[in-house]
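What follows is a set of notes on a single structure, which appears directly below.
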Amino acid sequence: MGTINSEKRHFPLYLKERIATCLVTCVFLGILNLVVTPHEWWIFWVVLGWSMNLIKQILFWYFTKGEEGKR
């Protein structure tokens with residue numbers, strides 16, 4: 001059976017790189033936070049802010065997909 005829209009969506013490389021960068025950096029900062037200031041968990045704010053930005057970028061890519069050629 002065919003689908004109505006057979007065009008496959010491929011996750012762009014730049015978003016994969018940004019997600020990987022975020023994960024590696026947040027893990028590093030989490031370890032640094034644990035070692036340097038274990039009584040203050042400031043890493044939460046870094047992860048929250050960076051995750052919100054990544055979600056915004058992914059949603060922007062998802063909802064504007066296919067409109068690049070119209071501009």
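The numbers here are math on the coordinates, done by the rules we state, and not lab data. Source: prediction; values computed, not measured. As a convention, Cβ positions derive from the backbone with ideal geometry for all residues, glycine included, and neighbour counts pool all protein chains shown.
With only alpha-carbon atoms in the gyration tensor, what are the semi-axes of the equivalent ellipsoid for the range 13-62, in Å, largest first?
In descending order the semi-axes read 25, 12, 4 Å.
Using 0.36 nm per residue, how much length does the chain from Met52 to Val27 gain when fully extended, once their Cα-Cα distance is taken away?
Details: separation 25, 0.36 × 25 = 9.00 nm, distance 1.68 nm.
So the chain would gain 7.3 nm between Met52 and Val27.
Where does each of Leu59, Leu23 land when they are ranked from fewest to most other beta-carbon atoms within 10 angstrom? Working shown, then result.
Numbers: Leu59 10, Leu23 13.
Going from sparsest to densest Cβ surroundings: Leu59, Leu23.
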